[in-house]
Amino acid sequence: MNALEKYDARVAQANSLICVGLDSDLKYIPRQFRDDPFPQFAFNRWIIEETHHYVSAYKPNMAFYEARGDRGLAELKMTIDYLQERHPSIFTICDARRGDAGSTNIGYVEAVFDWLGFDAVTIQPYPGKQAAQPFLDRVDRASIILCRTSNPGGKEFQDIEIDGKPLWQHVAQRVHDEWNVNDNCVILITATYPPEVQQARAIVDRMTILAQGVGSQSGALKKVVEGGLNQEKKGLMISSSRSIIFSDNPTAAVRRLRDDINQLRK
């Protein structure tokens, strides 16, 4: 199976659309983990064991690991190796927002897919399809293309109108029409603007959407689920990070979110 078939299989197995962001900022993880020789890995391992029954994907944000240099990258690899060994059916996303041109992207592909071992990576669309081609050519892996982000300044370019439509919609359309020839593309849409999740679904048909920002960023869950599901009641990854991993009870938090989503799916 390719990467997105793996994700769909896990959704069926866990009955869950949840993607947990492993945004393991060293400043905020509990003291008992910060005292460990491998603090980010120790925390991630604990979160994984607390939540994996209710999760279909994990999404570490590279910034929190790269900030610690070789130690952080080593612990990120330890995390992915642990998932591959203990929970190989769970989909893994490298939230790296890569995007350059030529041989630079080839290097990113080798680092993210072959060394770290992720199933998917987030990439910037701005350099165009030619630059993204090394990612798209990996039919065994998935490329998650940023379309609509949640940061306040995202509107500066993403909402620029071209032929009556905002730029982010042109990106979604181009990914659907021209980039997804290997059925290995996903688009990222912020859950903090639920109507845009519905608009994205109308553009990309059955493609998978990563809806980011549920939880601490106050994404409107009901509208995201209703607007984001495809015709098969699938095709949606709902990402939540801090509201789960830094909660008092990650197991209860993720189970509650999973159950809320599934009630809406019905």
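Taken as Cα centroids, region 64-81 and region 184-263 sit 26 Å apart, rounded to the nearest whole angstrom. Taking every DSSP beta bridge that has both ends in the chain, the antiparallel portion is near 5%.
Just the projected area, averaged over all directions, of the convex hull on the alpha carbon atoms of region 61-170: how many nm²? Don't skip to the answer; put the middle values down first.
Numbers: hull surface 32.4 nm².
If I average the Cα hull's projected area over directions, I get 8.1 nm².
Annotated for the chain: lysine pairs at least 8 residues apart or interchain, Cα distance under 17 Å, count 13.
Projecting the Cα atoms of His53, Ala63, Phe43 onto the dipole axis of region 41-98, where Lys and Arg carry +1 and Asp and Glu carry -1 at the beta carbon, places Ala63 farthest toward the positive end. With contacts taken as Cα pairs under 8 Å at a separation of at least 6 residues, the chain carries a relative contact order of 19 percent.
Taking a Cβ cut-off of under 10 Å around Gln40, the surrounding Lys, Arg, Asp and Glu residues balance to a net charge of +1, with basic ones at +1 and acidic ones at -1.
Rounded, prolate or oblate, given the Cα gyration tensor of region 147-237, with a/c below 1.5 counting as rounded? It comes out oblate by the Cα gyration axes.
Sort His176, His53, His87 from largest to smallest accessible area, using a 1.4 Å probe on the heavy atoms of the protein chains. Walk me through the numbers on the way to the answer.
Numbers: His176 65, His53 120, His87 25 Å².
Ranked list, largest accessible area first: His53, His176, His87.
Only Lys, Arg, Asp and Glu carry charge here, each on its Cβ (+1 for the first two, -1 for the last two); on that basis region 116-195 has a dipole of about 120 debye about its Cα centre. Centre-to-centre, using Cα atoms only, region 91-156 and region 12-32 are separated by 21 Å. The phi torsions of region 88-93, fed into the Karplus equation with coefficients 6.51, -1.76 and 1.60 and a -60° offset, translate into couplings of x, 7, 7, 6, 10, 10 Hz, rounded to whole numbers, with Gly and Pro shown as x. Extent along the principal axes, Cα only, for region 1-143: 46, 37, 23 Å, with the longest axis given first. Neighbours of Arg138, meaning other residues whose beta-carbon lies under 12 angstrom from its beta-carbon, give a summed charge of -4 when Lys and Arg score +1 and Asp and Glu score -1. Summing +1 for each Lys or Arg and -1 for each Asp or Glu, what net charge is found among the other residues whose Cβ lies under 13 Å from the Cβ of Lys165? That sum, taken over residues with Cβ under 13 Å, equals -2. Accessible surface ranking for Val139, Val186, 1.4 angstrom probe, highest first: Val139, Val186.
The values are calculated or read from the model by the stated rules, or taken from the named source; none is laboratory data. What you are looking at is a predicted structure, and each value in this text was computed from that prediction instead of being measured. A quick note on method: Cβ atoms are made from the backbone with ideal geometry, for glycine too, and the neighbour counts reach across all protein chains shown. SASA here: full protein model, heavy atoms, side chains in, ligands and nucleic acids out. Shrake-Rupley method; radii C 1.70, N 1.55, O 1.52, S 1.80 Å.
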